Amino acid sequence: MTQTTTLRDFPHFKGPNLTRSEKIQRKVVELLLNSTISEDEHDSSPVFELKHSSSCCQVGRILAEKRGLNVELAELICVMHDIYVIVEGKYEDHATRGAPIARKMLEESGDFTEEEINTIVDAIAHHSEKHIKSDNPYAELVKDADATDCSLYEQVEGYYKRHKSPESFLEYEKRIKKVRGELGLQTANIWRNNS
Ligand SMILES: [Fe+2]
């Protein structure tokens, strides 16, 4: 028999009973829904950033579970990893520029310890360094989740080939293959180019 009485009801990201992580995730969505940056001025689009931060968060949870890492920290890192793009609509130096924005959001919530904030912010600050294999498991997790999540959208291969250096493109491919292998998925066709 399941013990439903001991389980918290799922609040669908509304109401007073959100967890500290759900509150931050909700804030990220609200930033995107209330964005006043026009799509012409945006390097990406609020729609893609909403989809990518949400789906990266889910990929991050799966990888954290697989790697024995803290799932809550992983989801927070992943949902906020592109926070600068979400707030400013620009990709340039977005990892380092996003770190103080994430720090402020976490500090203002009052829900996180200094150590937790440092872990989250440090991983966000370094997530663009896909060519570096660091000994920080959370930085590696968000790099892997970011690359893998992007590979699941159509035509990202072509975009990366146009906008990234050949070396950087290979680093993305290496990471995506590694993650797919880790998850027991095929590694021959790692990009989604269906239509
Ligand atoms: Fe990303």
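What the table below lists for this structure:
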item	result
Residues Asn34 and Ile132, FRET efficiency given R0 of 30 Å [Cβ-Cβ distance, rounded to 0.05]	0.30
Spatial separation of Cα centroids for region 24-78 and region 140-195, in angstrom	18 Å
Of Lys23/Lys130; Lys23/Lys143; Lys23/Lys66; Lys14/Lys143; Lys90/Lys143, pairs whose Cα-Cα distance is over 27 Å	Lys23/Lys130; Lys14/Lys143
Ellipsoid semi-axes in whole angstrom, largest first, where each is sqrt(5λ) of the Cα gyration tensor of the chain	27, 21, 17
C-alpha long axis of helix 20-33 to longest principal axis of the chain, angle in °	60 degrees
Footprinting exposure proxy for Leu33, Leu76, Leu185, Leu63 (fewest neighbouring C-beta atoms within 10 Å first)	Leu33, Leu185, Leu63, Leu76
Backbone N within region 128-145 under 12 Å of label point (7 Å from Asn70 Cα along the Cβ vector)	138
Stretch gain in nm, segment Thr6-Glu116, where the contour uses 0.36 nm per residue and the Cα spacing is subtracted	36.9 nm
Rounded, prolate or oblate (a/c below 1.5 giving rounded, otherwise prolate when a/b exceeds b/c) for region 130-191 by Cα gyration tensor	oblate
Crossing angle, helix 137-151 versus the chain [Cα axis fit, 0-90 degrees, rounded to tens]	60 degrees
Residue exposure sequence - Leu73, Leu183, Leu7 - by fewest surrounding Cβ within 10 Å	Leu7, Leu183, Leu73
The chain - percent relative contact order, Cα under 8 Å, separation 6 or more	17 percent
Crossing angle, helix 94-109 versus the chain [Cα axis fit, 0-90 degrees, rounded to tens]	0 degrees
Pairwise FRET efficiency - Asp93 versus Ser45, Cβ, R0 = 22 Å, nearest 0.05	0.65
Additional length obtainable on full extension of the chain from Asn17 to Leu185, 0.36 nm per residue less Cα span	56.8 nm
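Every read-out reported here was derived from the displayed coordinates using simple, explicitly stated rules and does not represent laboratory data. Quantities reported herein were computed from a predicted structural model and do not represent experimental measurements. We place every Cβ from the backbone using ideal geometry, glycine too, and count neighbours over all the protein chains shown.
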